[in-house]
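Peer 1: Mind having a look at this structure? Questions to follow.
The values are calculated or read from the model by the stated rules, or taken from the named source; none is laboratory data. Everything quoted here is computed from the prediction, not taken from an experiment. FYI the Cβ positions are ideal-geometry reconstructions off the backbone, even for glycines, and counts take in every protein chain you see. When the accessible area is computed, the model is the full protein with side chains, heavy atoms only, and any ligands, DNA or RNA have been set aside. Shrake-Rupley method; radii C 1.70, N 1.55, O 1.52, S 1.80 Å.
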Amino acid sequence: APDCYNGMFRNCTGLVTAPELPATTLAPDCYSGMFNRCSGLTAAPELPALTLAEYCYQMMFESCTGLTTAPELPATTLADRCYESMFYDCSGLTAAPELPALTLAPECYKDMFVQCTGLTVAPELPATALAPYCYSNMFYRCSGLTAAPELPALTLAEYCYQMMFESCTG
């Protein structure tokens, strides 16, 4: 249901293991902020969902500084703001997940990896038709990045690349 696990473990700094999340069809805001500020979390649960909803993973792992590996994100059709700020300030994250979606939605990847200073390589971004704000601020302050991914999109949208690599000093 909408908001069902929203903020459930917020600020649980001692949480080191996440529960299984087997749902394959999500509801709006269902996992939003679920593990927000869980600095002891080192591994994310599997996220097998293929049918996403608005805000479903928004801020899910925000400030999970102990997280080193991101879960696979197999969905290929996205929803508005579905991954917005998902890994915001996950400074321990060293690898981004593959992002296979070809059909994007407004603000779907907005702020996804802000301040992920441990990232050195950006994921491939295969989408060729973009949506408004879809990649906005995606890698903001990712000082560890040393190369930008190829951007094959031919159909752009308003603010789609806005500040995508702002303050990426590497």
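Peer 1: Could you calculate the contour length gain from ASN11 to ALA23, that is, 0.36 nm times the residue separation minus the distance between their Cα atoms, to one decimal place in nm?
Peer 2: Net length gain for the segment: 2.0 nm.
Peer 1: Additional query: I'd like to know how the range 42-170 sits against the 2.2 N^0.38 Å rule of thumb: what's its Cα Rg over that expected value?
Peer 2: That works out to 0.94 for the range 42-170.
Peer 1: Let me ask something else about it. List, in order, the whole-Hz ³J(HN,Hα) value for each residue of the range 94-108 obtained from phi through the Karplus relation with A = 6.51, B = -1.76, C = 1.60 and θ = phi - 60°; use x for Gly and Pro.
Peer 2: For the range 94-108, the Karplus-derived couplings read 9, 9, 8, x, 5, 10, x, 4, 9, 10, 9, 10, x, 6, 4 Hz, x marking Gly and Pro.
Peer 1: Ok, one more. What residues have an amide H closer than 5 Å to that of THR103, excluding those fewer than 5 places away on the same chain, when H is modeled at 1.01 Å from N in the peptide plane?
Peer 2: LEU78
Peer 1: Same structure, new question: Of the listed peptides 15-24, 160-169, what is their order by residue-averaged count of other C-beta atoms within 10 Å, with the highest listed first?
Peer 2: Numbers: 15-24: 13.2, 160-169: 16.2.
Put in order of decreasing packing, that is 160-169, 15-24.
Peer 1: Once amide H atoms are placed 1.01 Å from N in the peptide plane, what residues at a sequence separation of 5 or more from ALA95, or on another chain, have their amide H within under 5 Å of its amide H?
Peer 2: ALA70
Peer 1: On full extension of the chain, what length is gained from THR77 through GLU158, given 0.36 nm per residue of separation minus the C-alpha to C-alpha distance?
Peer 2: Taking 0.36 nm per residue and subtracting the Cα distance, the gain is 27.2 nm.
Peer 1: With every protein chain left in place, what is the accessible area per residue of the chain in square angstrom, probe 1.4 Å?
Peer 2: 45 Å²
Peer 1: Over all distinct Cα pairs, what is the inverse of the mean 1/r for the range 1-111, reported as the Kirkwood hydrodynamic radius in Å?
Peer 2: With all distinct Cα pairs of the range 1-111 included, I get 13.4 Å.
Peer 1: Using a 1.4 Å probe on the protein heavy atoms, what percent of the accessible area of the range 14-170 belongs to carbon and sulfur?
Peer 2: Reported share for carbon and sulfur atoms: 52 percent.
Peer 1: Taking only C-alpha pairs under 8 Å that are 6+ residues apart, what is the relative contact order of the chain in percent? List each step's numbers first, then the result.
Peer 2: Values: 585 pairs, mean separation 25.9, N = 170.
Worked out over the chain, it gives 15 percent.
Peer 1: Further, regarding this structure: Please list, in order along the range 155-168, the HN-Hα scalar couplings obtained from phi with the Karplus expression 6.51 cos²θ - 1.76 cosθ + 1.60 (θ = phi - 60°), rounded to whole Hz, x for Gly and Pro.
Peer 2: Karplus-based 3J(HN,Hα) across the range 155-168 equals 10, 9, 9, 3, 6, 4, 10, 3, 6, 4, 10, 4, 6, 8 Hz.
Peer 1: Scan around GLY66 for amide H atoms under 5 Å from its own, H built in the peptide plane at 1.01 Å from N, and keep only partners 5 or more places away or cross-chain.
Peer 2: LEU41
Peer 1: Hey, another quick one. Can you give the extra length, in nm with one decimal, that the chain gains between GLU46 and THR69 once fully stretched, where that is 0.36 nm per residue apart less the Cα-Cα distance?
Peer 2: Between GLU46 and THR69, full extension yields 7.2 nm more.
Peer 1: Next question. ³J(HN,Hα) across the range 28-33 via Karplus (A = 6.51, B = -1.76, C = 1.60, θ = phi - 60°), whole Hz, x for Gly/Pro?
Peer 2: Once rounded to whole Hz, the list reads x, 6, 4, 10, 4, x.
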